[in-house]
1. Restricting to DSSP loop positions (anything but H, G, I, E, B) with no more than 11 other Cβ atoms inside 10 Å of their own Cβ, which trypsin sites (Lys or Arg not before Pro) remain in the range 87-122?
2. Are there GluC sites (Glu not before Pro) in the range 60-107 that DSSP puts in a loop and that have at most 15 other Cβ atoms within 10 Å, and which ones?
3. Compute the Kirkwood hydrodynamic radius of the range 80-199, taking the inverse of the mean of 1/r over all pairs of distinct Cα atoms, and give it in Å to one decimal.
4. Just rank Asp15, Asp22, fewest to most, by other beta-carbon atoms within 10 angstrom.
5. Could I have the simple spin-label model distance between Thr176 and Asp21, label points 7 Å from Cα toward Cβ, reported in nm to one decimal?
6. Over the range 7-98, what is the mean sequence separation of C-alpha contacts under 8 Å (at least six apart), divided by residue count, expressed as relative contact order in percent?
7. Would you mind ranking Cys88, Cys63 by Cβ crowding within 10 Å, fewest neighbours first?
8. Which residue fluctuates the most in the chain, going by a Gaussian network model with Cα springs under 10 Å, if the choices are Val183, Val108, Val47?
Amino acid sequence: MTVVEKRAEKYTYSDYLTWLDDERWEIIDGEAYNMTPAPGIKHQNVVGTTFSLLKQKLKGKPCRPFVAPTDVVLSDHDVVQPDIIVVCDEKKITEASIQGAPDLVVEVLSPATALKDKREKKALYERSAVREYIIIDPFELYVERFVLKGKRYGESEIFGPQEVLPLNSLTGIDITLWEVFEVAALDTSDRKRQPGEEK
């Protein structure tokens, strides 16, 4: 389970930079979250496949995908390492970190971090104006997507393992979820024709 380190004063990005490199931490609203234990194989497979699909589809486009551990500095009291991000504003990309909100954030659930991803991180990404937040559950095989409407996320949308996920924040880019979850694609060759549909 994620360990939360609390103190009277809020932790800052300056504090974060002094911590040991062999430990992974995040700061959300000034509270430090230990990112141990390391994620499992299923989690990492989904992260790797999703990142590869995005990298391939974004080739030659101005937006750039990054995979954890990449520091994303959203404020002096909010520093996170999402599983996958896509940044379309080159000015936010520095040698050390991403400074400001990515256009797209993808978090893949694991037992140790699921609650934080669904609660603290969703609230953080919403107030930081991340345009699209996607949660992938590699165990129950579904995707939950939130899209920014004004200053708040709209109602969540759910996608199954044999569906295509069109990305709202990246025009013309989608993710084939059967590849992400490594399941068979839905066979539509023998589906029943609809009235008026040609043979």
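1. Working: sites: Lys91, Lys92, Lys116, Lys118, Arg119, Lys121, Lys122; in loops: Arg119.
Counting only loop positions with at most 11 other Cβ atoms within 10 Å, the trypsin sites (Lys or Arg not before Pro) in the range 87-122 are Arg119.
2. Here the sparse-neighbourhood loop sites are Glu95.
3. Details: mean 1/r = 0.0624 Å⁻¹.
With all distinct Cα pairs of the range 80-199 included, I get 16.0 Å.
4. Asp22, Asp15
5. Spacing of the two 7 Å Cα→Cβ label points: 3.9 nm.
6. With pairs under 8 Å counted, the relative contact order is 29 percent.
7. Working: Cys88 16, Cys63 19.
In increasing order of surrounding Cβ atoms, one gets Cys88, Cys63.
8. Val183
Only the coordinates and a few stated rules stand behind these numbers; no lab work does. These numbers were taken from a predicted model, which means no experiment stands behind them. For neighbour counting, all protein chains shown are included, and Cβ atoms are generated from backbone atoms with ideal geometry for every residue, glycine included.
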